[in-house]
1. Within segment 449-490, can you find the residues that are of a type in the set (A, V, I, L, M) and touching a strand residue (DSSP E or B) at 6+ places or on another chain (Cβ under 9 Å)?
2. Mind listing whichever residues of segment 45-56 are within 32 Å of the chain's Cα centre (by Cα) and not hydrophobic (A, V, I, L, M, F, W, C)?
3. Within segment 539-548, can one find any residue that is more than 30 Å from ALA391 (Cβ to Cβ), in a helix (DSSP H, G or I) and at pLDDT 90 or above?
4. Here's a check for you: in segment 388-415, which residue that is out of contact with any Leu (no Cβ under 9 Å at 6 or more places or on another chain) and under 17 Å from THR534 (Cβ atoms) is modelled with the lowest pLDDT?
5. For GLN556, which of the numbered conditions (1) surrounded by 21 or more Cβ atoms within 10 Å (Cβ to Cβ); (2) polar (S, T, N, Q); (3) modelled with pLDDT of 80 or more fails to hold?
6. Of the numbered conditions (1) under 23 Å from LEU29 (Cβ atoms); (2) modelled with pLDDT under 90; (3) not in a loop (DSSP other than H, G, I, E, B), GLU92 satisfies every one except a single condition; which is it?
7. Out of everything in segment 521-538 that is surrounded by 21 or more Cβ atoms within 10 Å (Cβ to Cβ) and part of a strand (DSSP E or B), what residue ends up being farthest from the chain's Cα centre (by Cα)?
8. Name the single residue, out of those in segment 288-344 being part of a loop (DSSP other than H, G, I, E, B) and of a type in the set (S, T, N, Q), that is farthest from GLU403 (Cα to Cα).
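The values are calculated or read from the model by the stated rules, or taken from the named source; none is laboratory data. All figures in this text were calculated on a predicted structure; none of them were measured in a lab. All Cβ positions, even for glycine, are placed from backbone atoms using ideal geometry, and neighbour counts span all protein chains on display.
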Amino acid sequence: MSEKTAIDVWVVFGMNERLPYLREKTAKLTTSPGVYRMRDKGGNIIYIGKAKNLKNRVTSYFRETPDHTPKVAKMVSHVFDYDFIVTDSEYEALVLECSMIKQHMPKYNILLKDDKGYSYIKISDGEFPRITAELKKSGKGTYLGPYTSAFVAKQAVEEVNKVFMLPTCKRIFPRDIGKYRPCLNNHIKQCMGVCAGDITAEEYGKVIKQAVEYIQNGSEASVETLTEQMNKAAEELDFELAARLRDRISAIKRAADRQKIMDDDMRDTDIIAVAQNGENVCAAALMYRCGRLYDRAEFDLGTLDSEADMLEDFVLQYYSDPSRIPREIITEEELPNSEMVEKLLRERCGRAVDISSKKRGKGLRLIMMAKSNASESLAIKVGRTGKEIVALEALGKILGLPEPPRYIEAYDISNLGSSSMVAGMVVFENGRPLKKAYKKFSIKETAIQNDYASMREVLERRFKHGLDENEKDEGFSRMPDLILLDGGKGQVNAVEPILREMGVTVPIFGMVKDNNHRTRAIATSGSEISISGTKSAFMLVTQIQDEVHRFSITYQRSKHRKQSYETGLTQIKGIGEKKAQKLFTAFKTREEFKKASVEDIAKAAGINAELAEQVYEFVQSEL
């Protein structure tokens, strides 16, 4: 939990004046397993939970030093009282909890609402029907469905149009036959070329019939039917038809291979993962049936809580309908009560169910695919890309942070020997550069080149601003979730002690480069953490390291040029350091200085026209 989030939790938690009463009541609570129900001031049930030990579990909500997630803290702030039901076992408590959540729909439990509409596959009327995916029945035609997933309908239509080489263009047949050249799809064998007049309406109708059978019965049944038709055509010496059917069978097999994704072991499996951005959490379930992706679903889980707990709550509610329960469920994290959840699901569906968490190989790749789907769904809600959400979450896990670092500050030192020593600070918010918060630092206290001392000086100055209650600059007043330093453990060891003395508890890591100046690892105060195996996190850290280097070296070069110009100006008799500084204050960029007239220069530096003329000539020749 970040420092800011912890403060927010304390504020929300401290708003409940009933805490002394609740603690006193909980001290007398039984240690038996059971279900507890939190109620608000109006007596409404706002949260239902289960416990192996009621006293220990309920006490954890009301202790004096809370370490709650934002969701739990908010719930506790509204608890006026609670009641409980004792059970004979933890499993009975789990069953009762599921039943009561479904009955009462408490505000702070995960409540999955299936708000998706139905989708259909439409076969239009006419001599040359088209097959399209539709969100509702509109217009004349034959409709297949309804399908509970628009994804399923769209995927089926795309596949069947490609396999059977059906037209997907906007041309109207038979009106436009022969009027236009065949399109690219016909040349690359993805369209049968109705527009060229290569197929009759009768032949086209037979293909549409085959396509509908393919949608309704699947690829295996279609291959069997088409094989019979091909053999019959060959026996009747209709080799042209047999060849077309052979090509169609090959296309169906290729499509099945492309879409299969998994091997035959994954015939009845769901893969579940969650993604988070700040306090927003989304779960995705990918459903594989008969070795191929069958459906997917995403659900908003509300406010951030423990990831494992949220996964378990999601599984219990999502599979409340026995018809949804597959034989195998793969989850991103191991469920806290996986054996009991397995037992409950088995009783619901009347057969074996296996729940597991995969950390490597094929299972991990599937989980990352599910996570990507959850991230893309969440990205729409929070205005981020799915890749950014995944990268932040992966980086947070690699570094052992309690939640993804939404606000990251990165620092780099740049110098030219012991002159023009500067530092740059860049900020990434939700995985993107926040350029308005960038800061430049001139090294003031370190006289000679010393990157460690320079980094220490810069961070100390930055957080003196940040800890100042009167600081109005948001770039300083906002505390980051993570600090990244360009360099290894030496930079971390140089900076960490002084920040801890100042009371700054933000996590600090170094960004280590290899001999080719490419990002290699993350450094702690005593070791290195490899990030090359996690592509999303690696790409994000590389982007941050490249950006802070670019920003700091650009500032260093600008300052060096300015110092060179200033030195050149002071070589003009009558122009000292003070007058040179006045000129650079008045004309902040090279372009401004070069456009300045003799009169402008004279006025800015407080000098006569003759001296201003000399300055003007120097500026035109040197800048």
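1. Scanning segment 449-490 gives MET455, VAL458, LEU459, MET479, LEU482, ILE483, LEU484, LEU485.
2. Residues satisfying the conditions are TYR47, GLY49, LYS50.
3. The answer is no; no qualifying residue exists.
4. It comes out as VAL390.
5. The one condition GLN556 does not meet is (3).
6. (2)
7. Going through the qualifying residues, I end up with ALA523.
8. SER320
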